[in-house]
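For reference, the structure discussed in these notes is given below.
The values are calculated or read from the model by the stated rules, or taken from the named source; none is laboratory data. Keep in mind it's a predicted model, so treat the numbers as computed, not measured. Neighbour counts are summed over all protein chains in view; Cβ atoms, including those assigned to glycine, are modelled from backbone coordinates with ideal geometry. Heavy atoms of the whole protein, side chains included, go into the accessibility calculation; ligands, DNA and RNA do not. Shrake-Rupley method; radii C 1.70, N 1.55, O 1.52, S 1.80 Å.
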Amino acid sequence: FATAGVDAPSLFAAIAKTAVSRVADFDAQGLANTAWAFATAGVDAPQLFAAIAATAEMRLDEFNNQNLANTAWAFATACVDEPRLLAAIADAAPSRLADFSAQGLANTAWAFACLDWKDPRLFVALAEASAGRMTTMSDEELSQLHFASLYFRLEWPNQSFALSRFHETLQAAHERCGLQHMESQFQRDVSASLDRLGWTHVCEHVTAEGISLDMVRPATKEAFEADGPSHFLRDESSRRYVENGATRFKTRLLRRLGWDIVSVPFFEWRAGASETDKDAYLRAKATINGRRIESPP
């Protein structure tokens, strides 16, 4: 279901509930695939991920290279920080990176940057292994390395990093991936509301680092992001949404770069029945985030 992109939240909720008590019987492939499937499907299942982490940590020597990379990617995407499991992966991976696939290298680098991993040694090893594989990587993989490289440069600006010399290549790939993004009606509606409130802006702005933002005042580094369903994980039992790892990572990087970001989640936006309701929501949202929007005279 996850691979096919089929939305089946009730099924995933039932599987999660059953699997928690059975993951100890899963083999390494089963553990990695289950984590990957739930992360790919955008399902928030913290209890299941905690059970997978506890089992995987003890059996990490059974994991092949793809299992390691997929597990790291899944936990990052699902916003599950399991320090002991991550430390075990970080210890195991460097001696095996020469045998990682290009995708495995990119996924692992992105995952640990997304999870705000504070030990530069893994990133240095990943960068050195990736530097000789750039020509075999897809734009999506290079885009992941762009974010990992940006994270490294922000965290350790004075430390040498093998990917630094590929900065333009990585950013260009990231920007090409961004061109596949189509402006949604939701985004146009938020933009129209901001116009009614007198918040002049440009749409689809690309920062100096190649990061795309929805509605922006570039001079003051202020932005509104219209965050649709792909930005969230869904907990079917509680009916709540939580930001996924990619969204949190992007926002964290932008704030480190001096941007003031206001997220407009789709489920909050659609709660407004009228334009007046939506305008009031945006005005209140901006005030909450330390900025006040005044209605035009």
Run the count for the chain, please: Lys pairs, Cα-Cα under 28 angstrom, 8 or more apart or on different chains.
7
Antiparallel DSSP bridges in the chain: what percent, to the nearest 5?
60
Probe of 1.4 angstrom, ligands and nucleic acids ignored: what's the accessible area per residue over the chain, in square angstrom?
48
With the crude spin-label approximation of a point 7 Å out along Cα→Cβ, what separation in nm comes out for Asn64 versus Arg291?
4.8
Quarter of the surface of the C-alpha convex hull for region 148-285, i.e. direction-averaged projected area in nm², equals 9.9
Using Cα-Cα distances under 8 Å and only pairs 6 or more residues apart, what relative contact order does the chain have, in percent?
16
In the chain, what percent of the accessible surface is made up of carbon and sulfur (1.4 Å probe, ligands and nucleic acids excluded)?
52
How big is the Kirkwood radius of region 111-181, worked out from every pair of different alpha carbons and given in Å to one decimal?
12.2
Working out 0.36 nm times the residue gap between Leu257 and Ser164, then minus their Cα-Cα distance, what length gain in nm do you get to one decimal?
31.7 nm
Test item: Cα-centred dipole of region 173-280, Lys/Arg +1 and Asp/Glu -1 on Cβ, debye:
360
Taking a crude spin-label model, label points 7 Å out from Cα along the C-beta direction, the His181 to Ala98 distance in nm is 3.9
Along the charge dipole of region 151-238, Cβ charges K/R +1 and D/E -1, which of His174, Ala192, Leu163 sits furthest on the positive end?
Leu163
